[in-house]
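Accompanying notes for the structure given below.
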Amino acid sequence: MNKITDDFLTIALPKGRLENKIEEYLSRCGCSFSFAGRELIAFDNENKLKLLLVKNADLPVYVKHGIAGLGICGEDVITETGYEFYKIFEFPFGNTRMCLAAKRGDGFPKDLRTKVKIATKFPVFTERYFHSLGIPVEIIKLSGSIELAPILGLTHYIVDLVETGSTIKENNLEIIEELAKIKVYLISNPAYYKLNYKKVDDFVRRLQKGQFK
Ligand code: PRP
């Protein structure tokens, strides 16, 4: 069957922090599913949705290439890929903040003639943000446990997502500035939307009403 005109709506879901919240929300909309054991593909109770469980940072790749027509992910992940998608529904959960943080009391340097070193999982966002302010930065890209960078002396500063604030607090760091609010969206591959807009719009209406009939 053609991936783009498949009868199912194909949706990529991110492993990790959003996984349970998405499952709960869709289940409240009457669309229940579960990934059996270590399986990475599931179908909903009405056989309308085909759900693919993918690594968060890879999700836009699957949607970009039409393997999944739709995906659910945070803006942070979209920004890093530079891909263009239709954002067709904003979910009422999973909101986080992209923040600049450092060891307690360090503050941001006042002399900005030399590059400020920043560790982050989000180099595209970070570079764009500071360059738009005319502040030169050197970015050190990490894949996780970003809060270790200031503690171990890799960099003074980090740019990272803050949700509850626990990780920052428990590692004796503090937020210097909130740089952006990050929301969670249903995104669509533009070609997939054009070919499947009726089905996709029905799905969005059901998400809006909190009902999936
Ligand atoms: C994210 C983020 C922070 C933490 C923030 O990491 O990078 O480290 O969550 O959450 P909090 O404000 O609720 O404490 P994640 O859990 O994705 O793990 P990672 O360190 O492997 O990136």
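The values are calculated or read from the model by the stated rules, or taken from the named source; none is laboratory data. The structure presented is a predicted model; accordingly, all values stated were derived computationally and were not measured. With ideal geometry, Cβ positions are generated from the backbone for all residues, glycine too; neighbour counts draw on all protein chains shown. Please note that ligands, DNA and RNA were not included when accessible areas were found on the heavy atoms of the full protein model with its side chains. Shrake-Rupley method; radii C 1.70, N 1.55, O 1.52, S 1.80 Å.
Structure values in brief
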| item | result |
| --- | --- |
| Test item: Cα-centred dipole of the chain, Lys/Arg +1 and Asp/Glu -1 on Cβ, debye | 300 |
| Built amide H within the under 5 Å cut-off of Leu179, gap 5+ | Met98, Cys99, Leu100 |
| Percent breakdown of C-alpha pair distances by 5 Å bin, ordered from the shortest bin, for the stretch 96-182 | 3, 16, 28, 30, 17, 6, 1 |
| Pairwise FRET efficiency - Asn172 versus Arg17, Cβ, R0 = 22 Å, nearest 0.05 | 0.45 |
| Per-selection Rg to Rh, the stretch 34-143 - Cα, Kirkwood hydrodynamic radius | 1.09 |
| C-alpha center-to-center spacing [the stretch 155-213, the stretch 15-56] in angstrom | 16 |
| For the stretch 96-182, accessible area per residue (1.4 Å probe, heavy atoms of protein chains only), Å² | 56 |
| The stretch 96-182: Lys pairs at Cα distance under 14 angstrom, eight or more positions apart or on different chains | 4 |
| For the chain, diffusion coefficient by Stokes-Einstein and Kirkwood Rh (Cα), 4 °C, 1.567 mPa s, µm²/s | 70 |
| Positive-end extreme of charge dipole, the stretch 34-100 - chosen from Phe89, Leu70, Ala36 (charges on Cβ) | Ala36 |
| Extension reserve of the Glu84-Asn47 stretch, reckoned as 0.36 nm per residue once the Cα distance is removed | 10.5 nm |
| Partner lysines for Lys198 [C-alpha distance under 22 Å; skip if fewer than 8 residues away on the same chain] | Lys3, Lys48, Lys50, Lys64, Lys87, Lys209, Lys213 |
| Dimensionless Rg over Rh [the stretch 5-80; C-alpha; Kirkwood] | 0.94 |
| Pairwise label distance in nanometres, Ser32 with Asp201, each label 7 Å out on the Cα-Cβ vector | 3.1 |
| In nm, spacing of pseudo-spin labels at Glu39 and Asp106 (7 Å Cα→C-beta vector) | 4.6 |
| Rounded to 5, the percent of DSSP beta bridges in the stretch 88-207 classed as antiparallel | 65 |
